[in-house]
Structures are given as structure tokens and as C-alpha cells.
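Q: Would you mind keeping the following structure in view while I ask a few things?
Every read-out reported here was derived from the displayed coordinates using simple, explicitly stated rules and does not represent laboratory data. Worth saying up front: this structure is predicted, and the values here are computed from it rather than measured. Because the Cβ atoms are built from the backbone with ideal geometry, glycine has one as well, and the counts that use them run over all protein chains shown.
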Amino acid sequence: KVCSMLSSKNWQTETDQPLYSSRILKTYAEYLKHYYPEVDINNALEYGGIKQYELEDPSHWLTQSQVDLFHDLLIKETGNPKISYEAVRFGASSKISGTLRQYALGLLTPVTAYRTAEKLSSRISRAFVFKTKKRGLNKIEVSAFIQSGVNEKPYQCENRIGWLEALAKPFT
């Protein structure tokens, strides 16, 4: 649960470096529709300087300051300081359901699921790197290493923890 530093790349320390995929905020939008339908996602996007088409574009990357502003307004609007943790858990668990879920679970083990997450993490964030280490038959160690020069906020680490917990949920 501790975010460490990995200096494999020299990222700019400025908040204008595009680090986070818009896919992350897309998960928040789904969560808000389900749990906070009264909250207007467009206000949070506008507050963060994010256009609707950028949210819809899975290849669009957002800056730390954009994500911070978006997150701060959502906390104000919802009154929920754990929204980043809860949104990613909701998003990850709602993606796979029914027959597809059973089929996927038949092909994966928790270890392969986390190893796949290690490979896919670069598609959601350039701010960190996941590393996995098998510790037993159904046991794996996952570490998130923050890139040098990136100054993430605690809510972003909570978001990763929620994502990792959601990944294990179908197996438990």
C-alpha cells in the first residue's frame, strides 16, 4: 500500500505533464451516474479544464492539475472524500458480469490477473509502474512505483488500491 519512487524516467515536475488516461475519469462518470445522479459530471470536467470529447477519447491524457481540480470538485459536490477509491472499485467490478465473468474467471487465476494488470497499467497512467512478484500458488506481491518527478496525491494511491482490490473481488 506504500507508493515508492522509481527513477527509470525523468518526468517534468510541472503539473502540465500528461500522466493520466481519460479512462480513469470515465470510471468516475459511470460511478456518479449510479450513486450520485444529482451531480453534473460536466461541471467537474469544466472545472478541471477537460472537454467532454477528451473524456470520451481513450487515447487522451490528462495532467495532474486537471485531475486534481476534477477530484476536488467531486469531493465538494458529493461530500465523499473516498470517491476515488469507491469509483474505481465500482468501475472495475461492473465491467465484467454474467456469462463473460464466469468465462474470464475460468481462464484466469489471481496471479495471472495481477500480472495482466502490471502490463495494462501503462495504458491508464504514466505516473507509476506496477511490478508483481509471485509469492505462492494464489499469492502475489504488487508494488506501485511512482515515477521520479511526479507528485501524486494520496487519493491517487487510494484509487490504485481500490483497483487492485476490485481485481481480486471476482476470485473471492
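Q: Could you pull out which residues in the range 60-82 have an amide N less than 13 Å from a spot 7 Å beyond the Cα of Lys51, following the Cα-Cβ vector?
A: Only 60-61 fall inside the zone, counting backbone N under 13 Å.
Q: In sequence order, what are the phi-derived ³J(HN,Hα) couplings for the range 122-134 according to the Karplus relation 6.51 cos²θ - 1.76 cosθ + 1.60 with θ = phi - 60°, rounded to whole Hz, with x for glycine and proline?
A: Taking θ as phi minus 60°, the curve returns 5, 7, 10, 7, 9, 7, 8, 10, 8, 10, 10, 9, 5 Hz for the range 122-134.
Q: For the range 140-154, just list the computed ³J(HN,Hα) in residue order, Karplus coefficients 6.51, -1.76 and 1.60, θ = phi - 60°, integers in Hz, with x standing in for Gly and Pro.
A: So the Karplus estimates, Gly and Pro as x, are 9, 9, 10, 10, 10, 9, 6, 5, 4, x, 8, 10, 7, 9, x Hz.
Q: Using a 7 Å offset from the Cα along the Cα-to-Cβ direction at both Tyr35 and Thr112, what is the distance between the two label points in nm, to one decimal?
A: Distance between label points: 3.1 nm.
Q: What shape does the range 27-66 have by the C-alpha gyration tensor, where a ≥ b ≥ c are the square roots of the eigenvalues, rounded means a/c under 1.5, and otherwise prolate means a/b greater than b/c and oblate the rest?
A: Prolate is the answer for the range 27-66, as a/c is 1.5 or above and a/b outweighs b/c.
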